[in-house]
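Asks: First the structure, then my questions, so here it is.
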Amino acid sequence: MEPVLTIALAGNPNAGKTTLFNHLTGARQHVGNYPGITVEQKEGCCLHQGRGVRVVDLPGTYSLTAYSVEELVARDFLVNEQPDVVVDVVDASNLERNLYLSCQFLELGVPLVIALNMIDVAEKRGVTIDAEALSSRLGVPVVPIIARSGKGVDRLLDAVLATAASARPHPVFLRYGSDIDQALTDMTDDIAACTELTAVYPQRWLGVKLLENDEQIVRKTLEAHPEAGKKLIARCESVGQHLQHTLGVYPEAVIADHRYGYIKSIIHQGVVHRKFVADRLYASDKIDKVVTHRILGPLIMAGVLYCLYTFTFSYSSVPVEWLEKFFALLSTGVDTLLPDGPFKSMLISGVIDGVGGVLGFVPIIMFMFFGIALLEDSGYLARVAFMMDRIFHFFGLHGSSVMPFIISGGIAGGCAVPGVMAARTLRSPKERLATLLTVPFMNCGAKLPVLTLLIGAFFSAHQARYMFLSTLAAWLIALCVAKLLRLTLLKGASTPFVMELPPYRFPTLKGLFIHTWERTWQYIKKAGTVILGISILIWAMMTYPELPEARVAHYDSLRQEARQTLAVDTEGLAAALAKIDTDKAQDGLRHSIGGRIGLALEGVSRYAGIDWRTNIALVGGFAAKEVIVSTLGTAYSLGEVDPEETTSLQERLDKDPNWNPVVALAVLAFIMFYSPCFVTVVCIARESGSWKWAAFSMLFNTVFAFILAVAIYQIGILLYPR
């Protein structure tokens, strides 16, 4: 004989939960109190398809955050007793409010069936609910019932038995905005240390409850692991203070807003149909009717992105020029003060021209981040993701893949590492893998300086336009590659998409400045640490081994001959000596380790118009994309045409005979799409569970990028011969 099933009836007060309980159990019920408290405990039993069912009527509650005794009782029963199925009784005539509790059941990862009660009342109010669509969006069975008359109750019990026979579901991860999502990621290791709690509660759920300042979870965390608990509480307090300074709200309010946004996005996707048009709509609904419109929405999005790039390049040009002049003066000063030698060369070519080249783009990065913060804090960025859902499904990706793409730099200025980590919320392993392998195609913050450098050097009259087109190209290529992967290596059907739409807010200037500075400071810190170290290492590779004595003597003799031959021609002598010094510098660079690597690769890279000095920078880009600019700065400093003239890297590239607009486009394409940086590769290996996929990402992306660069260069020189 099969064991008796235990089901828990949960729901908001007045949702019809007790009516359903009475219909199921009839006279076979008893009422008592939960141990030690005055809250009523109702239990009963029923029989369905020969299976005994124990029914527990939980106290009515609006939330699972333990602010009241009823909420604490309901949550403790679900966690400690682990019923076979939770039946969430939802008032169909007040769907949005009732689904708030459903979201928390999904986050807790309990086996869930939704009883859509009072559908008759909803229909009288002109509201029709598509239960199948709601079930598809939530990923749980949804059964319409009328508890008063018993209509649909047998179907509900059928769904309960089917759910009980299925595997226990995984918790659903909702998104709560960049600040809270980052905090939850940072808290992972410390939460994992609290093994007593993680054996009972999902890790992310614990993090959310700590941020909501749930007293019971805070206490249990401190008892389970005092050291980790203190770190977690401190992190939560830090996030709370940050949100207060930037948005003027507490974490609990942000979490609630995003849960309602999640619900609203479900309702907007063909779940609810209204026969009567409401007299009054919320302001956010009115705005959404325009900005998420099938036709107007994408046009508005394109216009917003174009304005973002126009704003960035129009207003950042002056501070960029100031920084260029500052580093030029600094280079001249060091050149004047220090004697010739390795240390001077390292300071000028390795540090100033290398790191300075990266820091020179700080104003552009800052203006870009300010624009992105404005879009994010206002709530518009979530609407962009919402609109992209239909497109993503066409290319075989889940709609939730939109957020990893945006986080990775889908608007501009993100990072592939958190984008890869954000893909862990996708349920389908194949959709998750397809997302992991394509998010590195986005124009992350590390690529922005390179794109800005090349576009500024060769397409300065149309910077905003080319940056906008590069963003569109990144999206298009990423989606096409995703489609290819889903048709070949990662075949499978797409799963339904749900995404939260947070309410619109007026961003505060203080909040915008804080978000802008935080991201810009991260960029500056990276330039001052990682990029500095790699720049010095690459300078050493491009300096050593030094030229053999015989070669040095050869150039010394040429200088001596020039002095004797052109002794009376001062200008001619200066030009001849400069030419000899340049040839010596070029020869030294070719003789170095970096030069030899670049020359070895030039046999292949020349088909894409890429010369040996650029090859050195591209090899450095495997470590970190920001290094490309610093390495180009070093390479063109060590072997520049006129060592006496201090010019910006843009000007050096523009004057170099190996560069032209066609070459620049080919190099741009290669940099945008070749192998992810090393840290991203490690993250792909960790998130996919295999180094095989990480290696595939490096190899596939690099081969694809090279083929694209070759095609652009070969077609370009046919159309625009040198």
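What follows is calculated from the coordinates using simple rules that are stated; it is not laboratory data. As the structure is a computational prediction, the values presented were derived from the model and not from experiment. Because the Cβ atoms are built from the backbone with ideal geometry, glycine has one as well, and the counts that use them run over all protein chains shown.
Asks: Could you give each residue of region 15-21 its phi-based ³J(HN,Hα) in whole Hz, using Karplus coefficients 6.51, -1.76, 1.60 with θ = phi - 60°, and x for Gly or Pro?
Replies: Per residue, the Karplus-derived 3J(HN,Hα) values read 8, x, 5, 5, 4, 5, 4 Hz.
Asks: If the limit is 30 Å between Cα atoms, which of 430/510; 289/430; 447/483; 447/655 go over it?
Replies: Over 30 Å Cα-Cα: 430/510; 289/430.
Asks: May I pose another question? Over region 5-165, what relative contact order in percent results from Cα pairs under 8 Å that are six or more residues apart?
Replies: Taking the mean separation of contacting Cα pairs over the length of region 5-165, I get 23 percent.
Asks: List the aspartates and glutamates whose Cα lies under 20 Å from the Cα of residue 525, skipping any in the same chain that are fewer than 8 positions away.
Replies: 179, 186, 324, 353, 626
Asks: Which of the listed residues, 63, 112, 128, is farthest toward the dipole's positive end in region 5-165, when Lys, Arg count +1 and Asp, Glu count -1 at the beta-carbon?
Replies: 128
Asks: Also, I was wondering about something else. Angle check, please: helix 448-458 long axis (alpha carbons) against the longest principal axis of the chain (alpha carbons), in degrees 0 to 90, nearest 10.
Replies: 40
Asks: Oh, and also: What distance in nm separates the two pseudo spin-label positions at residue 128 and residue 43, each 7 Å out from Cα along the beta-carbon direction?
Replies: 4.4
Asks: When the helix-only estimate is applied to the chain (DSSP H runs of n ≥ 4, each -39,500 (n - 2.57), divided by the residue count), what is the mean residue ellipticity at 222 nm, nearest 500 deg cm²/dmol?
Replies: -19500 deg cm²/dmol
Asks: Scan around residue 48 for amide H atoms under 5 Å from its own, H built in the peptide plane at 1.01 Å from N, and keep only partners 5 or more places away or cross-chain.
Replies: 53
Asks: Which of the following values of Cα Rg over 2.2 N^0.38 Å was calculated from the structure shown: (1) 1.23; (2) 0.92; (3) 1.17?
Replies: After the calculation, the listed value that fits is (3).
Asks: Compute the acute angle (0 to 90°) between the alpha-carbon long axis of helix 678-688 and the principal axis of greatest extent of the alpha-carbon atoms of the chain; round to the nearest 10°.
Replies: 20
Asks: Just check region 5-165 against the gyration tensor rule for me: Cα atoms, a ≥ b ≥ c as the square roots of the eigenvalues, rounded for a/c under 1.5, and otherwise prolate or oblate depending on whether a/b exceeds b/c.
Replies: It is rounded, given that a/c, with a ≥ b ≥ c, falls under 1.5.
Asks: Which of rounded, prolate, oblate describes region 178-277, given a ≥ b ≥ c as roots of the alpha-carbon gyration tensor eigenvalues and a/c under 1.5 marking rounded, otherwise prolate only if a/b is larger than b/c?
Replies: Here region 178-277 falls in the prolate category.
Asks: Determine the sum of side-chain charges near residue 416: Lys and Arg each +1, Asp and Glu each -1, restricted to other residues whose C-beta is under 12 angstrom from that of residue 416.
Replies: For residues surrounding residue 416, the net value is +1.
Asks: For residue 220, which lysines qualify as cross-link partners when the Cα separation must be under 17 Å and same-chain residues fewer than eight apart are set aside?
Replies: The reachable lysines, counting only those whose Cα sits under 17 Å from residue 220, are 209, 230, 231.
Asks: Need one number: nm distance between label points at residue 97 and residue 189, each 7 Å from Cα along Cα→Cβ, rounded to one decimal.
Replies: Going by the 7 Å Cα→Cβ label model, 4.5 nm.
Asks: Could you size up the charge dipole of region 178-277 around its Cα centre, putting +1 on the beta carbon of Lys and Arg and -1 on that of Asp and Glu, and report it in debye to the nearest 20?
Replies: Rounded to the nearest 20 debye, it is 580 debye.
Asks: Just subtract the alpha-carbon distance of residue 323 and residue 162 from 0.36 nm times their residue separation and send over the number in nm, one decimal.
Replies: Length difference between fully extended and current span is 51.3 nm.
Asks: In straight Cα distance, which lysines are under 18 Å from residue 42, not counting same-chain residues fewer than 8 positions off?
Replies: Once the sequence-local lysines are set aside, what remains near residue 42 is 17.
Asks: Using Cα pairs closer than 8 Å and at least 6 residues apart in sequence, work out the relative contact order for the chain, in percent.
Replies: 11
Asks: For every other residue with a beta carbon closer than 13 angstrom to the beta carbon of residue 228, add +1 if it is Lys or Arg and -1 if Asp or Glu, then tell me the sum.
Replies: Net charge around residue 228: -2.
Asks: Now for a different question. Assigning unit charges at the beta carbon (Lys, Arg +1; Asp, Glu -1) and nothing else, what dipole magnitude in debye, to the nearest 20, does the chain show about its Cα centre?
Replies: That gives the chain a dipole magnitude of about 1960 debye.
Asks: Which residue, chosen from 138, 710, 239, occupies the Cα position most advanced towards the positive end of the dipole of the chain, where the dipole is computed from +1 (Lys, Arg) and -1 (Asp, Glu) charges on Cβ about the Cα centre?
Replies: 138
Asks: If you don't mind, another one. Using 7 Å Cα-to-Cβ label points, what is the residue 597/residue 307 separation (nm, one decimal)?
Replies: Those two pseudo-labels are separated by 4.5 nm.
Asks: What is the dipole size for region 159-237, taken about its Cα centre, with +1 at each Lys and Arg Cβ and -1 at each Asp and Glu Cβ, in debye to the nearest 20?
Replies: My answer is approximately 260 debye.
Asks: While we're here: Can you give the net charge of the other residues whose Cβ lies under 10 Å from the Cβ of residue 505, counting K and R as +1 and D and E as -1?
Replies: So the surrounding residues net to -2.
Asks: Same structure, new question: Any idea what angle helix 380-394 forms with the longest principal axis of the chain, computed on alpha-carbon atoms, 0 to 90 degrees, nearest 10?
Replies: 90
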